[in-house]
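Right, one structure below, let's go through it.
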Amino acid sequence: MEAVMNKVVASLALFVLLAGCQPMPSKEALTSPVPGYLCMTYFDYAYISPEQVTDIVYLSKSDNACKMVLGKMYERGHGVPQDIAKAKDLYQTVARVSPIAYSRLGVLAEEGIGGPVDLVAARDFYQRATKDPGTTDIELKLAGLMENGKGGPQDLQGALKHYFNASKTGSTEAWKGLERLRSKGVVMTTEEQQVYNNLFVGLVQRGLRKHMEATEKTLEKVTTPTQPGKPVQVQLEYTPGTLVPTLSIYASSGDSVIDQKVMQGFSDYRFPGDPIMPQGQKNYLAVAYVRTDGMTPMERFYQDRKKTQ
C-alpha cells in the first residue's frame, strides 16, 4: 500500500513539475478589456517575444481577432515557425463566424502560397469575404477577377457592382475600374450614373484641395499677414474630350501678380476622368477658393481663435 501511495505522490509531483514548465499568459493578457487590440499591437512589433506569442495563443482561444493575428503569424513566420497549413486552419475557423477571414484564404490561393495558384478558389473565397461590409481591397480583387474572366467566366455587371461597392471609400482604383467598364459599354442604371458622378465630384474636390493647399503654401513667400489680399477664385472648366481644364479667374484678389501665381498653381491640374454629362449639358465647372493672406495654417488658426474669444 505504501508503495502504491509513493507512486501516486511521485505522479502528482511529476504533474506539478510539468505544469510548472508550461508558459503562462501575462497579467496584461489575462485582464485585457480588448484582446484583439493587444494581439494586433504585438503583431506590429518587428520582433514578437516568446511571452507575447504565449499571450496571443492564449487569447486566440476565445477571441477571433487574436485568432486571425495568430494565423498571420503562421502565414508569415513572424514570431513562430512558418506553417501555412496552420494559418489556413485558423482562417477557416474564424470564417465560420466572420466571412472577412475568407479574404486571407483568397490571397493565399491567388498568390499560390502554400500550394499552386488557384484562381477559382480565390474568386470563391473573395466572394464569400464580401458578405462582410467594409472590404474595399477584397471588392477590388474580386471585381478584377470578374472583369478579366479569371477564376470563372467574365462578368462585367458583377465587376461593376463590386467596383461600386469599393468606391464608397473614394477609392481611385475603383474609379478607374468603373471608367474601364464604362468604356467597354457596360450599361449603368440612373442611380449608378448618379453614384458615378458623385465619385467624380469627390475626386475633383480632393485634387483641387491639394492644389489649393500647395498654392497657398507658395503664397506665404510672396505676401504678408499685414497686407492680406482678397481670396482668388479660380474656375476650372471641363469639356468632353480632354482632361485638361480651361482656367480662368472667377474672382480676383485685386492684384494681377497674385492672380497669375494662383493660376500657375493650377496649371498642372487634370480632371480625374470623364463624368456622365446630363442631356443638354456641355461642360462641367469647378471653382477653387485660394486664400492670399500669406498666413501659415497655424497663424490662421490663432487668428480665427482670437476672433471667437
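One table, with the values for the structure above:
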| read-out | value |
| --- | --- |
| Scope segment 140-150; condition open to solvent by less than 40 Å² (accessible area, probe 1.4 Å), in contact with a helix residue (DSSP H, G or I) (Cβ under 7 Å, 6 or more places away or on another chain) and of a type outside the set (A, V, I, L, M, F, W, C); matching residues | 147 |
| Residue match in segment 163-175 (condition: touching a residue at least 60 places away in the same chain (Cβ under 8 Å) and open to solvent by 30 Å² or more (accessible area, probe 1.4 Å)) | yes |
| Yes/no for residue 10 being open to solvent by 30 Å² or more (accessible area, probe 1.4 Å), of a type in the set (A, V, I, L, M, F, W, C), modelled with pLDDT under 90 and part of a helix (DSSP H, G or I) | yes |
| Whichever residue in segment 179-208 is surrounded by 12 or more Cβ atoms within 10 Å (Cβ to Cβ) and among the charged types (D, E, K, R) and, among such residues, is farthest from residue 161 (Cα to Cα) | 206 |
| Selection from segment 124-139 of residues that are buried (at least 21 other Cβ atoms within 10 Å of the Cβ) and in a helix (DSSP H, G or I) | 125, 126, 129, 138, 139 |
| So residue 166, is it over 29 Å from residue 286 (Cβ atoms) and among the hydrophobic types (A, V, I, L, M, F, W, C) | no |
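Each row is one residue, and each column tells you yes or no for (1) assigned to a loop (DSSP other than H, G, I, E, B); (2) of a type in the set (S, T, N, Q); (3) in contact (Cβ under 8 Å) with a residue 40 or more places away in the chain; (4) surrounded by 12 or more Cβ atoms within 10 Å (Cβ to Cβ).
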{"residue": "243", "(1), (2), (3), (4)": "no, no, no, yes"}
{"residue": "250", "(1), (2), (3), (4)": "no, no, no, yes"}
{"residue": "260", "(1), (2), (3), (4)": "no, yes, no, yes"}
{"residue": "271", "(1), (2), (3), (4)": "yes, no, yes, yes"}
{"residue": "282", "(1), (2), (3), (4)": "yes, no, yes, no"}
{"residue": "288", "(1), (2), (3), (4)": "no, no, yes, yes"}
{"residue": "301", "(1), (2), (3), (4)": "no, no, no, no"}
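The values are calculated or read from the model by the stated rules, or taken from the named source; none is laboratory data. Keep in mind it's a predicted model, so treat the numbers as computed, not measured. Here the Cβ is made from the backbone with ideal geometry for all residues, glycine too, and neighbour counts use every protein chain on show. Note: accessible area is taken over every heavy atom of the protein model, side chains too, but ligands, DNA and RNA are not part of it. Shrake-Rupley method; radii C 1.70, N 1.55, O 1.52, S 1.80 Å.
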